[in-house]
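Have a look at the structure below, then the notes.
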Amino acid sequence: MTEVNRQTFYKKLVVTGLAFTLVGGGTLGLHSSKLMGEPTVASAAAETYTTTANLNIRSGPSTSNAIIATVKQGTQLTVVGQAANGWLKVSYQGKTGYVSSDYVKKSVTSTTKTYVTTANLNIRSGPSTSSSIVVTVKQGTQLTATEQPSNGWLKVSYQGKTGYVSTQYLKESTGSSETAPASSVYVATSNVNVRTTPSTAGAVMATIKAGTQLDVTAKAANGWLKITYQGKVGYVSGQYVRALAGMKVVSNPESIQVVVNKQNKLPENYVPKDLVYTTIPFTFKEQTEKKKMRSEAAAAIAQLFAGAKKQGVTLLGVSAYRSHATQSALFSSYVQRDGYDKAATYSALPGTSEHETGLGIDVTKGDGTCAAQDCFGGTKEATWLDAHAAEYGFIIRYPKGKEAVTGYKYEPWHLRYVGKPVAQAIKSKGITLEEYYGIK
């Protein structure tokens, strides 16, 4: 066996812990420390290393020494010294021994790296999306790394809990004078330039439309905000940005009774799993996403339209499901036309629209007039809906006199499917979905 092959063979045996004696030949070129004396071990400041494979801790710096313990891949070991032949002296659970440096890597200490999340992010019990969720943190949250990134995942510490996060939703904290923003949703209140520096002297990288949500990562001291836009870092003036503090991400987006409003938004890029085309007539012929609803709601709206027709009331659909992109474009156009504050009274910020749940639908009269307009109120169609929608599992989501609760003006045309029991309870009590669940 050549010297190179012999060394490779030994390295494998360090990991597997296999015995390696040859009949009549003793050990393969290795001598115990009893025969040749223990190599000099240089003392070192204690450092933390992580094992990259299942690994034996031995009584001396050689594979011929006894195994003290076997530790799993990913175990943290405290290195207290270094031998000259590629072995490390370590401390583990009160025991001292030796490991091959080929199968360990230096860990990132808690003081070395701090990361900031670039999106709402799940911390998981293991380095995989199949692992359970330990906690969900908001965009802009600071996390302390406890190990170096491996396979696209990073082990982190957060509020006393340890878990793993995907590195694609992290960026390293710069440690500059800029401070991370509070957990808020930010939106442009007018068209705003993204600049290369926090000053109007900085070059314009892009112009963001009014109503667009911004990925704010830090606040500069002079009234500018640091953002990430299309994978690039830039700055926008804070005077053209509104911070919506206290907004929460709903944990049950698939629930038929999910409450989505100005304080409770859908998860990033949420798309309902069971969207289907409805069978009801609309004010337009094209087969677009606006004709879709979640399957249960689609069946219920068909029954509602049929029930109305039996009583001489003809209805048409106007708009049902909207994708996040569609809602973004729509809200932005309203902000540019009417200004942010007015637009927010009748249109939802992307991620907070009921249309994105696949459970909401706007309807109008059979002749197509007064579609999503105030003139729909007081019509026989609006009166019928108010009296009978709950029989089919729908509520008038934004009723008159409840603007302070819902955050939106009266919309007699906007129906929301919640199921018959809840709809009938809300109708009988004359309350809103928020009041029914006692939430904001």
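Here are some conditions: (1) in contact (Cβ under 8 Å) with a residue 60 or more places away in the chain; (2) open to solvent by less than 50 Å² (accessible area, probe 1.4 Å); (3) not in a strand (DSSP E or B). Ser333 meets all but one. Which one does it not meet? Ser333 satisfies all of (1) in contact (Cβ under 8 Å) with a residue 60 or more places away in the chain; (2) open to solvent by less than 50 Å² (accessible area, probe 1.4 Å); (3) not in a strand (DSSP E or B) except (2).
Mind checking which residues of the range 234-266 are surrounded by fewer than 15 Cβ atoms within 10 Å (Cβ to Cβ) and under 21 Å from the mean Cα position of the chain (by Cα)? Residues satisfying the conditions are Ala245, Gly246, Lys248, Ser251, Asn252, Glu254, Ser255.
Of the residues screened, Tyr270 is one that is within 17 Å of the chain's Cα centre (by Cα), at pLDDT 90 or above and of a type in the set (Phe, Trp, Tyr). Scanning the range 121-137 for residues that are of a type in the set (Val, Ile, Thr) and either on the phi > 0 side of the Ramachandran plot or assigned to a strand (DSSP E or B) (or both) yields Ile123, Ile133, Val134, Val135, Thr136, Val137. Return yes or no: is Leu385 closer than 14 Å to Ile301 by Cα and out of contact with any Ser or Thr (no Cβ under 6 Å at 6 or more places or on another chain)? For Leu385, the condition - closer than 14 Å to Ile301 by Cα and out of contact with any Ser or Thr (no Cβ under 6 Å at 6 or more places or on another chain) - is met.
Out of all the residues in the range 223-258, which are β-branched (Val, Ile, Thr) and in contact with a Phe, Trp or Tyr (Cβ under 6 Å, 6 or more places away or on another chain)? Listed by number, the list holds a single entry, Val241. Looking only at residues in the range 37-69 that are open to solvent by 30 Å² or more (accessible area, probe 1.4 Å) and touching a Lys or Arg at 6+ places or on another chain (Cβ under 7 Å), the one that is modelled with the lowest pLDDT is Val41.
Checking each residue in the range 70-90 for being more than 38 Å from the chain's Cα centre (by Cα) and open to solvent by 20 Å² or more (accessible area, probe 1.4 Å) picks out Val80, Gln82, Ala84, Asn85, Gly86, Trp87, Lys89.
Per-residue answers, yes or no, for (1) closer than 26 Å to Glu289 by Cα; (2) within 34 Å of the chain's Cα centre (by Cα); (3) modelled with pLDDT under 95; (4) of a type in the set (Asp, Glu):
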residue	(1), (2), (3), (4)
His355	yes, yes, no, no
Gln373	yes, no, yes, no
Tyr392	yes, no, no, no
Ser428	no, no, no, no
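Where strands (runs of 3 or more DSSP E) fall wholly inside the range 208-319, the ranges with 1 or more residues that are farther than 30 Å from Gly368 by Cβ are 213-219, 224-229, 232-237, 241-245.
The values are calculated or read from the model by the stated rules, or taken from the named source; none is laboratory data. Keep in mind that this is a model prediction, so the values were computed, not measured. When we count neighbours, we look across all protein chains shown, and the Cβ atoms used for this are built from the backbone with ideal geometry, even at glycine. Accessible surface is based on the protein model in full, side chains and every heavy atom, while ligands, DNA and RNA are left aside. Shrake-Rupley method; radii C 1.70, N 1.55, O 1.52, S 1.80 Å.
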